[in-house]
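The structure appears right after this line, and notes come after that.
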Amino acid sequence: MAIKTILSSTLLVVFTLTCFSVDAQSKIFENPKNLKVLPEDISPKELSNTMRGFALGLGLRCTNCHVGEEGKPLSSFDFASDEKPIKEKARLMMQMMNEINQTFVPKLNQVEDEKRVAVRCVSCHRGQQKPLLIEDALNQALASGEPDAVVNKYKGLREKYYGSHTFDFSISVLPSFSDNLLKEGFDKEALELMELNQTYYPDSYYGNFVRAKALQKNQKNKAAIEAYKKALELNPRAGFINGIIEQLSKASATKK
Ligand code: HEC
Ligand code: HEC
């Protein structure tokens, strides 16, 4: 389709202009002086693609690993310098990745070399410097002990990354995470997350069910009963919920 072509060529232009005008400055990729992992006879195009893969795969800029000033022409950068420690870490990762691709995966012995799927930086990193899952990021926020840290972390990540491959924001993630929080005694945080989840997925059975559990654990029995009813409505086959509602109703009646 014409629109598609226009769109993709526009994207290509934008990409080429914003992403370092690499091709226009391909001279920087000629005669590399300090390659310790990549083959010395690597072609400029391949070196350029590799570096682009690093930057996009980890969501970083060239200047994160290389000495140079953002906004200045790449020709003024000192790419051969090893001044930034992260560059050495990237070398370690390259060696690890080569080992995976050349030693371990071939041992599966199930496809020919040229058909094999290669592990790349992006396979693990998915556009971030450290390859966290959403659960890792939330657990880190939880460990900080700051009030509202977990909810704010989720909101912030969702705002920044929704629709990208970096984090999983799908329907069962927060209920599953919050259910675990309830088992570990983080009742308040679990409820906060499930209230947030309700704004994204109001008609999720799993979401309403875990929200009901969280409400119950937080002694909000009336609201819990309503949430259990909603869960049952969304999934009539979950008949066991009737028993929970009955018990809860009795408990709140005798409490009064
Ligand atoms: C995650 C860190 C990382 C990022 C981001 C990165 N590079 Fe590199 N770059 C490296 C490493 C590591 C080497 C050395 C590889 C080796 O030792 O085989 C290297 C080598 C180079 C070299 C060869 C330098 C020489 O003379 O030896 C050039 C040129 C280069 N990078 C350009 C770029 C450009 C342009 C970008 C942005 C698109 C970029 N790099 C992004 C890590 C990175
Ligand atoms: C098999 C999964 C995997 C692959 C493939 C992978 N990485 Fe990593 N990378 C990790 C893990 C795990 C960490 C460490 C996270 C931590 O410190 O908690 C990491 C950390 C790093 C760091 C340090 C980040 C920091 O903030 O200190 C850099 C730089 C890095 N990787 C670069 C790369 C590059 C470049 C590639 C591709 C050549 C690559 N990684 C491929 C899993 C991977």
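Observations on the structure shown:
- Reported count of residues in the range 41-62, each being over 20 Å from MET97 (Cβ atoms) and within 8 Å of ligand 1 (Cβ to nearest atom), is 1.
- Those helices (runs of 4 or more DSSP H) of the range 100-198 in which at least 3 residues are within 27 Å of ALA90 (Cβ to Cβ), considering only elements entirely within it, cover 121-125, 134-144, 149-161.
- Selection count where residues are open to solvent by 50 Å² or more (accessible area, probe 1.4 Å) and closer than 20 Å to SER178 by Cβ, scope the range 223-252: 5
- Residue ID - nearest to ligand 2 (Cβ to nearest atom), chosen from residues in the range 58-82 that are under 30 Å from PHE167 (Cβ atoms) and assigned to a helix (DSSP H, G or I): LEU58
- Meets criteria (touching a residue at least 40 places away in the same chain (Cβ under 8 Å) and either open to solvent by 60 Å² or more (accessible area, probe 1.4 Å) or more than 8 Å from ligand 1 (Cβ to nearest atom) (or both)) for GLY71: no
- Residues of the range 180-199 include none that is open to solvent by 50 Å² or more (accessible area, probe 1.4 Å), of a type outside the set (S, T, N, Q) and within 20 Å of the chain's Cα centre (by Cα).
- Test: LYS153 is of a type in the set (D, E, K, R), within 24 Å of the chain's Cα centre (by Cα), outside the structural domain of ASN31 (by TED's automatic domain parsing) and open to solvent by less than 90 Å² (accessible area, probe 1.4 Å): yes
- When ASN109, ASN34 are screened for being exposed (fewer than 12 other Cβ atoms within 10 Å of the Cβ) and in contact with an Asp or Glu (Cβ under 9 Å, 6 or more places away or on another chain), only ASN34 passes.
- Residue list for the range 123-181, restricted to those being within 16 Å of ligand 2 (Cβ to nearest atom) and charged (D, E, K, R): ARG126, LYS130, GLU135, ASP136
The values are calculated or read from the model by the stated rules, or taken from the named source; none is laboratory data. Nothing here was measured: the structure is a model prediction, and the numbers come from that model. Here the Cβ is made from the backbone with ideal geometry for all residues, glycine too, and neighbour counts use every protein chain on show. Ligands, DNA and RNA are stripped out before the accessible areas are found, and what is left, the full protein with its side chains, is counted by its heavy atoms. Shrake-Rupley method; radii C 1.70, N 1.55, O 1.52, S 1.80 Å.
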